[in-house]
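First up is the structure itself, then whatever we jot down about it.
The values are calculated or read from the model by the stated rules, or taken from the named source; none is laboratory data. It should be emphasised that the depicted structure is a prediction, and the values quoted were computed from it without experimental measurement. Cβ atoms come from the backbone with ideal geometry, glycine included; neighbour counts cover every protein chain shown. What goes into the accessible areas is simple: the full protein's heavy atoms, side chains included, and nothing from ligands, DNA or RNA. Shrake-Rupley method; radii C 1.70, N 1.55, O 1.52, S 1.80 Å.
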Amino acid sequence: MAATDLAIPILPSRDIGATLAFYRRLGFEGEAHAADAGYAILTRGTLELHFFRHPTLVPAESSAGCYLRVADAGAIHREFAAAGLPRHGIPRIDALEDKPWGLREFAIVDPDGNLLRIGQVI
């Protein structure tokens, strides 16, 4: 596989503007695309997330998610925790843990119910 090969998740968003605001709190940059603001591309360093408008999405029923492999999950957890997300409900941030499968990871659930697992190999 070439060094430039990568997969980019495309996640649902009830409101692209609200999604942009939430992820900017986590240090992502980006903007809405398309004339009707029905799509957004956000980046944070080499991480990239895409969002499409899905106005009838029910966050508590969402099964959308992705895994973001990073070099330092602890540093990103500290940076995301600074956004003041709650530990329960939607949205939320979960605790950073060393998992028995050899990954240090945590999770974010965004306001649309998208589950983002963020982790590193240990």
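Structure values in brief
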item	result
Extreme residue, surrounded by the fewest Cβ atoms within 10 Å (Cβ to Cβ), among residues of the range 92-119 that are farther than 21 Å from G45 by Cα and of a type in the set (D, E)	D98
Considering residues of the range 4-44 that are polar (S, T, N, Q) and free of Cβ contacts under 8 Å to residues at least 40 places away in the same chain only, the residue nearest to L85 (Cα to Cα)	T43
Selection from the range 76-106 of residues that are in contact with a Leu (Cβ under 6 Å, 6 or more places away or on another chain) and of a type in the set (G, A, S)	A83
Residues that are in contact with a Lys or Arg (Cβ under 9 Å, 6 or more places away or on another chain) and of a type in the set (D, E, K, R), drawn from the range 25-66	E29, D36, R53
Qualifying positions in the range 67-81 - part of a helix (DSSP H, G or I) and surrounded by 12 or more Cβ atoms within 10 Å (Cβ to Cβ)	A73, G74, I76, H77, E79, F80, A81
Considering residues of the range 51-66 that are hydrophobic (A, V, I, L, M, F, W, C) and under 15 Å from the mean Cα position of the chain (by Cα) only, the residue most open to solvent (accessible area, probe 1.4 Å)	F52
Test: D112 is in a loop (DSSP other than H, G, I, E, B) and touching a helix residue (DSSP H, G or I) at 6+ places or on another chain (Cβ under 7 Å)	yes
Close pairs (7 angstrom Cβ cut-off, 6 or more residues apart or separate chains): at pLDDT 95 or above in the range 45-63, of a type in the set (G, A, S) and exposed (fewer than 10 other Cβ atoms within 10 Å of the Cβ) anywhere	none
Qualifying positions in the range 1-24 - part of a strand (DSSP E or B) and surrounded by fewer than 18 Cβ atoms within 10 Å (Cβ to Cβ)	I10
Residues of the range 82-91 that turn out to be open to solvent by 40 Å² or more (accessible area, probe 1.4 Å) and in contact with a strand residue (DSSP E or B) (Cβ under 6 Å, 6 or more places away or on another chain), as a count	2
Subset tally (residues that are of a type in the set (F, W, Y) and touching a Phe, Trp or Tyr at 6+ places or on another chain (Cβ under 9 Å)) for the range 71-122	2
Of residues in the range 25-45 being among the small types (G, A, S) and not in a strand (DSSP E or B), the one surrounded by the fewest Cβ atoms within 10 Å (Cβ to Cβ)	A35
